[in-house]
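Visitor: Pasting in a structure now, in structure tokens, and then I'll have a few things to ask.
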Amino acid sequence: MIPEFREDGYLPEGLHVATEAEVTFRFGSSTPRRRRLILRLRRWLELARLTGAHRFLIDGSFVTATGEPNDVDAVVLLADDFEEQVSAGSDAALEFEEMLLTRRPEEIFAAEDLQDWEEWVEFFGRTRERDGRRKGLVEIEL
């Protein structure tokens with residue numbers, strides 16, 4: 001379950017596991033901008049599942065109390081055989097790789113192993129404010 005926001009508009013510190021439906025209901029339906037962002041996120045999730053990704057994390061202003069988020073940041077822990085899928089010409093892997101390499105959209109990042117994953121969690125687990133305080137992230141079940 002996704003906890004309530006803190007007074008500063010961020011989720012409590014930690015990695016909060018949720019289903020796609022919970023994320024859609026909580027973050028993706030209240031404004032036109034949020035509805036557009038959830039469509040992008042749902043495509044990323046579809047590609048992650050089709051390629052056998054291990055984990056999927058979201059952050060950005062999408063998972064804050066703001067009414068009009070700028071973006072939804074995401075990190076996908078790729079499948080161990082992702083490069084083989086690309087080499088074999090898998091449509092889903094090729095589409096995903098294109099996004100990851102061209103940085104279009106700019107908000108999705110790849111973790112190739114658990115060390116990469118942990119580094120991304122650490123990076124996104126801090127606010128951009130001067131104090132760099134810790135905040136919560138959401139991991140979507142795949």
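The values are calculated or read from the model by the stated rules, or taken from the named source; none is laboratory data. Being a predicted model, the structure only gives us computed values, none of them experimental. Cβ atoms come from the backbone with ideal geometry, glycine included; neighbour counts cover every protein chain shown.
Visitor: Would region 22-42 turn up any residue that is touching a strand residue (DSSP E or B) at 6+ places or on another chain (Cβ under 6 Å), free of Cβ contacts under 8 Å to residues at least 60 places away in the same chain and either among the polar types (S, T, N, Q) or closer than 27 Å to I2 by Cβ (or both)?
Guide: no
Visitor: Among the residues of region 29-46, write down those that are in contact with a helix residue (DSSP H, G or I) (Cβ under 7 Å, 6 or more places away or on another chain) and not charged (D, E, K, R).
Guide: The answer is S29, L37, I38, L45.
Visitor: Exactly one of (1) assigned to a helix (DSSP H, G or I); (2) surrounded by 12 or more Cβ atoms within 10 Å (Cβ to Cβ); (3) charged (D, E, K, R) is unmet by D71. Its number?
Guide: Among (1) assigned to a helix (DSSP H, G or I); (2) surrounded by 12 or more Cβ atoms within 10 Å (Cβ to Cβ); (3) charged (D, E, K, R), D71 violates only (1).
Visitor: Would you call V17 touching a helix residue (DSSP H, G or I) at 6+ places or on another chain (Cβ under 7 Å) and either buried (at least 20 other Cβ atoms within 10 Å of the Cβ) or over 20 Å from T127 (Cβ atoms) (or both)? Show your work before the answer.
Guide: On the way: touching a helix residue (DSSP H, G or I) at 6+ places or on another chain (Cβ under 7 Å): no; either buried (at least 20 other Cβ atoms within 10 Å of the Cβ) or over 20 Å from T127 (Cβ atoms) (or both): yes.
The answer is no for V17.
Visitor: Can you name the residue in region 114-132 that is in contact (Cβ under 8 Å) with a residue 12 or more places away in the chain and surrounded by 12 or more Cβ atoms within 10 Å (Cβ to Cβ) and, of all such residues, is nearest to D59 (Cα to Cα)?
Guide: Selected residue: F124.
Visitor: Something else about it: So how many residues does region 105-142 have that are of a type in the set (K, R) and part of a loop (DSSP other than H, G, I, E, B)?
Guide: Going through region 105-142, the residues of a type in the set (K, R) turn out to be 126, 128, 130, 133-135.
Checking which are part of a loop (DSSP other than H, G, I, E, B) leaves us with 128, 130, 133, 135.
Within region 105-142, residues that are of a type in the set (K, R) and part of a loop (DSSP other than H, G, I, E, B) number 4.
Visitor: R55 is checked against (1) modelled with pLDDT of 95 or more; (2) out of contact with any helix residue (DSSP H, G or I) (no Cβ under 7 Å at 6 or more places or on another chain) and fails just one. What number does that condition carry?
Guide: Among (1) modelled with pLDDT of 95 or more; (2) out of contact with any helix residue (DSSP H, G or I) (no Cβ under 7 Å at 6 or more places or on another chain), the lone unmet condition for R55 is (2).
Visitor: Is it the case that region 89-104 has a residue that's more than 14 Å from the chain's Cα centre (by Cα), assigned to a loop (DSSP other than H, G, I, E, B), crowded, with 20+ Cβ neighbours inside 10 Å and touching a residue at least 12 places away in the same chain (Cβ under 8 Å)?
Guide: no
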